[in-house]
Amino acid sequence: MLILGIESSCDETGTALIDSEKGLLAHRIHTQIDMHRAYGGVVPELASRDHIRRVLALTDEVLEEAGKTRSDLGAIAVTEGPGLAGALLVGISVAHAIGYALGIPVIGVHHLEGHLLASLLADPAPRFPFVALLSGGHTQFMRVQKFGSYELLGETLDDAAGEAFDKTAQLLGMCYPGGPGVSALAEKGVSGAIELPRPMMHSPDLNMSFSGLKTAVLNAVTKAPNPEDP
């Protein structure tokens, strides 16, 4: 069976064609990073409007690359949540419109479950059970026992790791998203030059917290001498 996958939960529009026997045939991703960078983060309304512009074009691109047509599709899989409401609505509306026109089923996919199982597309693929790291509204450690069987091992009590990176980058005058820039800057740093806390290291569970770490970064930046001062 040929399955069209559609993802539009946040700031990337993604489409893919999966053959139930041959695996991944083609995929396309359009990122909105450049558009949201000016605002320091994702603007939901702008994200939704951009998904509208991209999703059908990307669908046609993967079909053309795989040498298939819409009539070859046997089902459509689409992210149904969690995510930005307007952005999700775009992908779901397009999926159901195509599904209705072709008379094929539309399968809703849980966003986080999709992340957990996407690693099975890798070569070599992990074998059950395995531990996975998820990061969205929260950063979570998950035990993936098998399809449909997942156990939360620990999670952040406040911001996700990605948000901590973004806020740190903002404090340092760097662009969104913060992760790549902060990581690259850290490679050039001097180990031990600034002592930052490691929250909840002695906690009896696997939960995490980044609020104290962000405050420590703010204090370090505030106290740091300005290189432009005489």
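The values are calculated or read from the model by the stated rules, or taken from the named source; none is laboratory data. Remember, predicted model here, so these are calculated numbers, not experimental data. Every residue, glycine as well, gets a Cβ built from its backbone with ideal geometry; the counts of neighbours run over all protein chains shown. Ligands, DNA and RNA are stripped out before the accessible areas are found, and what is left, the full protein with its side chains, is counted by its heavy atoms. Shrake-Rupley method; radii C 1.70, N 1.55, O 1.52, S 1.80 Å.
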### Query
Could you say whether any residue in the stretch 35-46 is over 22 Å from Leu116 (Cα atoms), outside any helix (DSSP H, G or I) and of a type in the set (Phe, Trp, Tyr)?
yes
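Table: residues versus (1) part of a helix (DSSP H, G or I); (2) of a type in the set (Ser, Thr, Tyr); (3) touching an Asp or Glu at 6+ places or on another chain (Cβ under 7 Å); (4) open to solvent by 40 Å² or more (accessible area, probe 1.4 Å).
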{"position": "Val131", "(1), (2), (3), (4)": "no, no, no, yes"}
{"position": "Arg143", "(1), (2), (3), (4)": "no, no, yes, yes"}
{"position": "Leu153", "(1), (2), (3), (4)": "no, no, no, yes"}
{"position": "Cys175", "(1), (2), (3), (4)": "no, no, no, yes"}
{"position": "Ser183", "(1), (2), (3), (4)": "yes, yes, no, yes"}
{"position": "Gly192", "(1), (2), (3), (4)": "no, no, no, yes"}
{"position": "Glu195", "(1), (2), (3), (4)": "no, no, no, yes"}
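Does Thr168 meet the test of being open to solvent by less than 40 Å² (accessible area, probe 1.4 Å), touching a helix residue (DSSP H, G or I) at 6+ places or on another chain (Cβ under 7 Å) and either at pLDDT 90 or above or closer than 26 Å to Leu117 by Cα (or both)? Show your work before the answer.
Numbers: open to solvent by less than 40 Å² (accessible area, probe 1.4 Å): yes; touching a helix residue (DSSP H, G or I) at 6+ places or on another chain (Cβ under 7 Å): yes; either at pLDDT 90 or above or closer than 26 Å to Leu117 by Cα (or both): yes.
Spelling it out, Thr168 is indeed open to solvent by less than 40 Å² (accessible area, probe 1.4 Å), touching a helix residue (DSSP H, G or I) at 6+ places or on another chain (Cβ under 7 Å) and either at pLDDT 90 or above or closer than 26 Å to Leu117 by Cα (or both).
So that you can scan it fast, the table gives a plain yes or no per residue for (1) touching a strand residue (DSSP E or B) at 6+ places or on another chain (Cβ under 8 Å); (2) modelled with pLDDT of 95 or more; (3) at positive phi:
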{"residue": "Val55", "(1), (2), (3)": "yes, yes, no"}
{"residue": "Thr59", "(1), (2), (3)": "yes, yes, no"}
{"residue": "His96", "(1), (2), (3)": "yes, yes, no"}
{"residue": "Ser119", "(1), (2), (3)": "yes, no, no"}
{"residue": "Ala125", "(1), (2), (3)": "no, no, no"}
{"residue": "His138", "(1), (2), (3)": "yes, no, no"}
{"residue": "Val144", "(1), (2), (3)": "yes, yes, no"}
{"residue": "Phe147", "(1), (2), (3)": "no, no, no"}
{"residue": "Glu151", "(1), (2), (3)": "yes, yes, no"}
### Query
So, in the stretch 1-11, of the ones that are over 16 Å from Ala118 (Cα atoms) and under 19 Å from the mean Cα position of the chain (by Cα), which residue ends up least open to solvent (accessible area, probe 1.4 Å)?
Asp11
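Residues checked against (1) under 20 Å from the mean Cα position of the chain (by Cα); (2) open to solvent by 30 Å² or more (accessible area, probe 1.4 Å):
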{"site": "Ala26", "(1), (2)": "yes, no"}
{"site": "Asp34", "(1), (2)": "yes, yes"}
{"site": "His51", "(1), (2)": "yes, no"}
{"site": "Arg70", "(1), (2)": "no, yes"}
{"site": "Ala75", "(1), (2)": "no, no"}
### Task
Check the stretch 97-108 and report whether any residue there is without any contact (Cβ under 8 Å) to a residue 60 or more places away in the chain, among the β-branched types (Val, Ile, Thr) and in a helix (DSSP H, G or I).
no
